[in-house]
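Notes to accompany the following structure.
No lab work stands behind these numbers, since they all come straight from the coordinates. These numbers come from a predicted model, not from an experiment. Backbone-built Cβ (ideal geometry, glycine too); neighbour counts: all protein chains shown.
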Amino acid sequence: MNPIKEFFFDFDGTLAASEAVFWEILKKASGKYGFPIPENIDGLKYVRGLTNQEIVKKLISQSVRRFRGFELYVFFKKEMLNYKDDITCYEGIPELLHSCLHKNLRVLSSNNKKLIQHVLKKENCPDIPIYTVSSLYTKDNFFRKYQKKNPLSSLIYIGDETRDIEAAQKVSIPSIAVTWGTHSEELLSSYKPTQMISSVTELQNIILTI
């Protein structure tokens, strides 16, 4: 029996353009938790060249990371809900999801499930299964459990960050890196995804032909 292809999408930076919201929340968190953000940097361009670990190391003080890291994580998740109406899908994403709906599409994200549902509904996207993980670095654990429960499935993960590529590599599933989100093409390429694409149309064609 041929394996059942299942396409898992990251949400932020892959389906949804939430980078500007992330930066606004980071600036708000800097005042609340007392870590400075340099005033002379273009936030969105700056973070595109940094992994999540590097963002924490460069922008957030050691004391915050050590003693209040989880509190900061919870703050981000709550604040994201406050900005839910400011988050939109990238151009062409609703059409992609509708045209590929028969290809077993799923969402896997560390964001809030209610927020994801709200944005997808607001953007006229089809209703697809949404899975969430409880912290930033447990997507590979999710995939391990999912594979055990669905041994006939062949999974493919689509994301815009280096940690998405790493999660797929840890469980030996293909990864498709998209270059329109959080991390730059150069940074993504250095992590060696299975495939890297630069347009929503290209992604749609790939999904339809696999």
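Numbers below:
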| read-out | value |
| --- | --- |
| Amide hydrogen neighbours beyond the local backbone of residue 88, cut-off 5 Å, H modeled | 17 |
| Label-to-label distance, nm, for residues given as residue 153 and residue 33 (7 Å Cα→Cβ offset) | 3.2 nm |
| Check: the stretch 123-192 dipole with +1 on Lys, Arg Cβ and -1 on Asp, Glu Cβ, in debye | 580 debye |
| Vicinal HN-Hα couplings computed from phi for the stretch 17-31 (Karplus, 6.51 cos²θ - 1.76 cosθ + 1.60; Hz; Gly/Pro x) | 8, 10, 4, 5, 5, 4, 5, 5, 5, 4, 5, 5, 5, 4, x |
| Restraint check, 32/139; 148/170; 28/113; 28/139, Cα-Cα greater than 21 Å | 32/139; 28/113; 28/139 |
| Residues with amide H under 5 Å from that of residue 131, placed H, sequence gap 5 or more | 107, 108, 109 |
